[in-house]
1. Output the strands (runs of 3 or more DSSP E) that fall wholly within region B:6-112 and possess 3 or more residues being surrounded by fewer than 17 Cβ atoms within 10 Å (Cβ to Cβ) and within 14 Å of chain A (Cβ to nearest Cβ), or say none.
2. From (1) under 21 Å from B:Gly104 (Cα atoms); (2) modelled with pLDDT of 95 or more, pick out the condition that doesn't hold for A:Ser59.
3. Could you tell me whether any residue of region A:77-86 is in a strand (DSSP E or B) and more than 29 Å from B:Phe47 (Cβ to Cβ)?
4. With respect to the numbered conditions (1) within 21 Å of B:Gln98 (Cα to Cα); (2) hydrophobic (A, V, I, L, M, F, W, C); (3) touching a residue at least 24 places away in the same chain (Cβ under 8 Å); (4) in a strand (DSSP E or B), which one is the sole condition not fulfilled by A:Ile50?
5. Scan region A:20-30 for residues that are within 16 Å of the chain's Cα centre (by Cα) and modelled with pLDDT under 95 and jot them down.
6. For region B:28-43, how many residues are modelled with pLDDT of 95 or more and either among the acidic types (Asp, Glu) or out of contact with any Leu (no Cβ under 8 Å at 6 or more places or on another chain) (or both)?
7. Condition test on B:Leu90, is it among the aliphatic types (A, V, I, L, M) and in contact with a Gly (Cβ under 6 Å, 6 or more places away or on another chain)?
Amino acid sequence: KQEVTQIPAALSVPEGENLVLNCSFTDSAIYNLQWFRQDPGKGLTSLLLIQSSQREQTSGRLNASLDKSSGRSTLYIAASQPGDSATYLCAVDSGYALNFGKGTSLLVTP
Amino acid sequence: KAGVTQTPRYLIKTRGQQVTLSCSPISGHRSVSWYQQTPGQGLQFLFEYFSETQRNKGNFPGRFSGRQFSNSRSEMNVSTLELGDSALYLCASSIDLQGVQFFGPGTRLTVL
């Protein structure tokens, strides 16, 4: 059974800092890995999807990397802004369903 | 292009009742998945439908059921509601299997 872990569970940083969110998974047989953002009481917004054959994906200030052999992914956020405050979820698609981590709750203070 | 829509957005029921939630995927998307989100368990997979066929089912009791129609719209039903069924139910659609999943805003179910 695929287990997905996200560290840290919560993070508070001042505006302008660069930060890294971590995701680890136990089974390297994956189709893809997706990073989502969730605002309080809302649904999930897809940020980046990395196929199993890819090493990284970039979108604006976001960069996600994937090391399938070690079962790790990181989400790098450059020059953080208060609007980035949200919960960030990592999800691994092993061909059966998306397996989600518990998320990292990010607070960016002005 | 309209996103994934879910109705109703909020629902209050009492124990023992049943409930039906609806999900309309993005136009052209044939895959619909359902997830339950609770503070304790996080996001857990319920079912996945593709072209009206249930492909996968998560580890939930038989009280949880679903279906997909020919227009890709999907419904899920929970019978004999329990207090523990209180959760945010999220629907996601993708154009095909293993594609980017787009989530709806969710239905917040409260069981009293």
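The values are calculated or read from the model by the stated rules, or taken from the named source; none is laboratory data. Small disclaimer: the values here were computed from a predicted structure and weren't measured. As a convention, Cβ positions derive from the backbone with ideal geometry for all residues, glycine included, and neighbour counts pool all protein chains shown.
1. On the way: elements: B:10-13, B:19-24, B:31-38, B:42-50, B:53-57, B:64-68, B:74-78, B:87-94, B:107-111.
Ranges flagged: B:53-57.
2. (1)
3. Looking for residues that are in a strand (DSSP E or B) and more than 29 Å from B:Phe47 (Cβ to Cβ), one finds at least one in region A:77-86, hence yes.
4. Failed condition: (3).
5. Taking region A:20-30 first, the residues within 16 Å of the chain's Cα centre (by Cα) are A:20-26, A:30.
A:Ile30 - this is the single residue of region A:20-30 that is within 16 Å of the chain's Cα centre (by Cα) and modelled with pLDDT under 95.
6. 1
7. Values: among the aliphatic types (A, V, I, L, M): yes; in contact with a Gly (Cβ under 6 Å, 6 or more places away or on another chain): yes.
Spelling it out, B:Leu90 is indeed among the aliphatic types (A, V, I, L, M) and in contact with a Gly (Cβ under 6 Å, 6 or more places away or on another chain).
Condition check ((1) exposed (fewer than 15 other Cβ atoms within 10 Å of the Cβ); (2) within 14 Å of chain B (Cβ to nearest Cβ)) across all residues:
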{"residue": "A:Lys1", "(1), (2)": "yes, yes"}
{"residue": "A:Ser12", "(1), (2)": "yes, no"}
{"residue": "A:Asn22", "(1), (2)": "no, no"}
{"residue": "A:Leu66", "(1), (2)": "no, no"}
{"residue": "A:Ser69", "(1), (2)": "yes, no"}
{"residue": "A:Leu75", "(1), (2)": "no, no"}
{"residue": "A:Val108", "(1), (2)": "no, no"}
